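Values quoted throughout were computed directly from the atomic coordinates according to the rules given, and no laboratory measurement underlies them. Here the structure is a predicted model, which means the values were calculated and not measured. For neighbour counting, all protein chains shown are included, and Cβ atoms are generated from backbone atoms with ideal geometry for every residue, glycine included.
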Amino acid sequence: MSDRITVEELSDLMKRTAGVAVSPEELAERPDTAFEELGIDSLGLLGIVGELENRHGVPMPPDAEHCKTPRKFLDLVNSTLLAGA
């Protein structure tokens, strides 16, 4: 398993935990689009964070659930995973 979260993995998590289908291509093309605009609310983001913690066995920073965009979320989560690797 990689120690980085990809846009593909984030897209899958968004669909499975929050029920919001956004293609990896759209996330890659629009990384600074607000999660809110994509249909992800704070509860949806909390579900994604929880799933990542379970999957990787690493606690995510408290700020992760407050990230406003996919780019900020991936940057924060990936730096956390790399530090814990």
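A few remarks follow.
- Loop-located trypsin sites (Lys or Arg not before Pro) across the range 2-70 with a Cβ neighbour count of 16 or fewer within 10 Å are R4, K68, with loop assigned by DSSP.
- Taking the chain and dividing mean pair separation by its residue count, relative contact order in percent (alpha carbons under 8 Å, at least six apart): 34
- Simple Cβ-charge dipole of the chain, Lys/Arg +1 and Asp/Glu -1, about Cα centre, in debye nearest 20: 140
- Kyte-Doolittle at least -0.5, axis length at least 20 Å by Cα - qualifying DSSP helices, the chain: 42-56, 70-84
- Taking Cβ atoms as reference points and 13 Å as the exclusive limit, the residues near E37 contribute a net charge of -2, counting Lys and Arg as +1 and Asp and Glu as -1.
- Computed Kirkwood radius, in angstrom, where 1/r is averaged over Cα pairs of the range 7-84: 12.2
- The chain: calculated mean residue ellipticity at 222 nm from DSSP helix runs of at least 4, using -39500 (n - 2.57): -18000 deg cm²/dmol
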